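Presented below is the structure to which this report refers.
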Amino acid sequence: MASMMQPQIILLKEGTDTSQGKAQLVSNINACTAVSDVVRTTLGPRGMDKLIHDDKGSVTISNDGATIMKLLDIVHPAAKILADIAKSQDSEVGDGTTTVVLLAAEFLKEAKPFIEDGVHPQNLIRSYRTASHLAIEKVKELAVSIEGKSLEEKKNLLAKCAATTLSSKLIGGEKEFFASMVVDAVIAIGQEDRLSMIGLKKVPGGNMRDSFLVNGVAFKKTFSYAGFEQQPKKFLNPNILLLNIELELKSEKENAEIRLSDPSQYQSIVDAEWNIIYDKLDKCAQSGAKVVLSRLAIGDLATQYFADRDIFCAGRVAEEDLQRVAAATGGTVQTSVNNIIDEVLGTCELFEEKQVGNERFNIFSGCPSGRTATIVLRGGADQFIEEAERSLHDAIMIVRRAMKNSTVVAGGGAIDMEISRYLRQHARTIAGKSQLFINSYAKALEVIPRQLCDNAGFDATDVLNKLRQKHALPSGEGAPYGVDINTGGIADSFANFVWEPAVVKINAINAATEAACLVLSVDETVKNPKSESAQGEAAASAMGGRGRGGGFRGRGMRR
Ligand code: ADP
Ligand code: MG
């Protein structure tokens, strides 16, 4: 009671996190470090995978930074920024997601001692921005163009980039096999911008080597009615009719009310219904099409009708599959069967229905306008195929990027070491505190080669010393040297074809620096305790507990 008599000044609701300034910054940095420690071990060809399972019992095995960050369900507000940059890196360039998280966390880790010593964050931010600017200029300078090569040469180079991406994945053992498949798929779609034009179909079972590329479209056989067995399952150069209408005998009982005065008229109504559908079917058959696909149902009557005329049909084809068939065969999807002109029919060299594992597939190959390709993925467990799909997605994105921007840099930490050296050298020309900050930024970049070594079980200090020495050679011939993942020494990454598109590095450096600066610019988090769900709170305090390992507890922090 006594305390209630005292005058109080309450600015914020009870339970609001009120740690401010330095303390808040350090706690945020610790949280980001904790998050990056989760993905740290997945980097590189010798990186480990993470198995993530949720309360619903679904299990995901992944090596992809963005996928892991998404599934972790991070609730710490500052650490969430890391999940966001992983996501944006994934959608911007498709690879380098682990790299971007590691870089951002390392920039922050290097900043921490300065913050603790009382350096104003804005000073750090300014130097970090300058450093990132210089780093990106340097990447651009070091990038090697693959423009102006013949198609065969270009294919070879692109396959190298895809192989580098795949080497860190579960399917890394078969990287050459999949890399050339990915390159063929990307080249097949040419200038097409829609990624959906590359279909990825998963068929569990078999060996991953049984995966294959269809230069055209493939999709799982749709549900079919009796009569389907009598239809031919293979055509050479068929005309293909694409529809968005139902070919089913419909009794109109739900849609209409008909009043009859004379019972004998009833038959005429039934006849009319049959006439309508037969009229539609006749028009389909007269169009000269040998394959009829529809997004909507094709009923038993229609199935039998087509079977009698040696026409193949499939109803309820998924929208995106139908779009791909249209793009590949040059056909146009029709919403009416009146006036089907030859121009709207598509064609391909070979249509066939084939057995793939336990499934039957409709396959259209040798399509005239190209523009689509389908990869049919085989493999043991579901989780395996799903991770394979994600990995191929990364590789596809990388090849597309490399084709568009067509400049590459040496991977395996080579580019990172070279920028680091360059920044250190540059720092020496700067007077004042900024020199220290840029040096720290340069040191942070070394996290990539160091982590590649750690994950492979090499002596990171030893390898890094060798790399520093090589990169310091005044002639500049050491620039492409990176970690040799096979021997534990150093090797010329460029000569070994460990290549990455320059845009991956540029985007990663940019995004990581921005994220680090963002975290550094926050000195207070104000939260409204009521707006949180109970679950979010529990997770937040668990995360916070780990993140605040520095021994500090914010004032007024909820226990
Ligand atoms: P991210 O999600 O960032 O792409 P990865 O696990 O794919 O992470 O690892 C990418 C890193 O591994 C890059 O720095 C790349 O240069 C390196 N790397 C890939 N293949 C090799 C290799 N054969 N030898 C050395 N380093 C490699
Ligand atoms: Mg990768």
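The values are calculated or read from the model by the stated rules, or taken from the named source; none is laboratory data. The model shown is predicted, which means the values in this text are computed figures rather than measured ones. Counting neighbours? That spans all protein chains shown, and the Cβs are built from the backbone with ideal geometry, glycine included. We work out accessible area using only protein heavy atoms, side chains counted, and drop any ligands, DNA or RNA first. Shrake-Rupley method; radii C 1.70, N 1.55, O 1.52, S 1.80 Å.
Among DSSP beta bridges whose residues both lie in the chain, state the antiparallel percentage, nearest 5. So the antiparallel bridges in the chain amount to around 70 percent. Lys154 contributes about 50 Å² of solvent-accessible surface, heavy atoms of the protein only, 1.4 Å probe. Any idea what angle helix 121-142 forms with the longest principal axis of the chain, computed on alpha-carbon atoms, 0 to 90 degrees, nearest 10? Value to nearest ten degrees: 60. Would you list, by chain and number, the lysines whose Cα falls below 19 Å from the Cα of Lys70, excluding same-chain residues fewer than 8 positions away? Here the lysines satisfying the reach criterion relative to Lys70 are Lys50, Lys56, Lys80, Lys87, Lys169.
Of all lysines in the structure, the ones whose alpha carbon falls short of 26 Å from that of Lys221, not counting any fewer than 8 places away in one chain, are Lys201, Lys202, Lys233, Lys234, Lys250, Lys280, Lys283, Lys290, Lys354. Over the chain, Cα pairs under 8 Å with separation of 6+ residues give a relative contact order of 28 percent. Computed extension length for Thr429-Arg259: 51.6 nm, one decimal, from 0.36 nm per residue of separation with the Cα-Cα distance subtracted.
Protein heavy-atom surface of the chain, 1.4 angstrom probe: 50% of the accessible area is carbon and sulfur, with nucleic acids and ligands not counted. Using equal-weight Cα scatterers in the Debye expression, the normalised intensity of segment 390-460 in log10 at q = 0.11, 0.14, 0.19 Å⁻¹ is -0.43, -0.63, -0.88. Compared with the dominant Cα axis of the chain, that is its longest principal axis, helix 434-445 is turned about 40°.
The GluC sites (Glu not before Pro) of segment 185-258 meeting both criteria, a DSSP state outside H, G, I, E and B (loop) and at most 11 other C-beta atoms within 10 angstrom of the site's C-beta, are Glu257. Rg then Dmax, both in Å and based on the Cα atoms of segment 288-367: 12.7, 40. Surface exposure of segment 119-219, expressed per residue as accessible area with a 1.4 Å probe, stands at 45 Å². Note: relative contact order over segment 187-337, using C-alpha pairs below 8 Å and six or more positions apart, is 36 percent.
In whole angstrom, segment 259-331 maps to an equivalent ellipsoid with semi-axes of 32, 14, 10, each derived as √(5λ) from the alpha carbon gyration tensor and ordered largest first. Counting only alpha carbon atoms, the long axis of helix 319-329 and the longest principal axis of the chain meet at about 80°. Binning all Cα-Cα separations of the chain at 20 Å, short to long from zero, yields these whole-percent fractions: 18, 39, 27, 13, 2, 0.
In the calculated pair-distance distribution of segment 315-412, the portion above 19 angstrom amounts to 61 percent of the Cα-Cα pairs.
Per-residue accessible area (protein heavy atoms, 1.4 Å probe) orders Asp382, Asp462 as Asp382, Asp462, starting from the largest. Normalised size of segment 115-215, defined as Cα radius of gyration per 2.2 N^0.38 Å with N residues, equals 1.63. Label-to-label distance for Glu137 and Gln267 is 9.3 nm, based on points extended 7 Å past Cα in the beta-carbon direction.
May I ask you to rank His393, His76 by accessible area, largest first, using a 1.4 Å probe over the protein chains only?
Final ranking, largest accessible area leading: His393, His76.
Solvent-accessible surface of protein heavy atoms, probed at 1.4 angstrom with all chains present, puts Thr487, Thr130 in the order Thr487, Thr130, largest first. In a DSSP loop and with at most 13 other Cβ atoms within 10 Å, the trypsin sites (Lys or Arg not before Pro) in segment 28-77 are Lys56. To the nearest 10, the accessible area of Ile171 is 0 Å² with a 1.4 Å probe.
Under 5 Å from the amide H of Leu243 lie the amide H atoms of Leu293, Ser294, Arg295, Gln334, each residue being 5 or more positions distant or on a separate chain, with H modelled from the backbone and absent for Pro and chain starts.
Here's the picture: a label point sits 7 Å out from the Cα of Lys250 along the beta-carbon direction, and within segment 308-325 nothing has its amide nitrogen under 14 Å of it.
If a spin label sat at a point 7 angstrom from the Cα of Asp300 along the line to its beta carbon, the backbone N atoms of segment 200-244 nearer than 11 Å would be those of 225-227.
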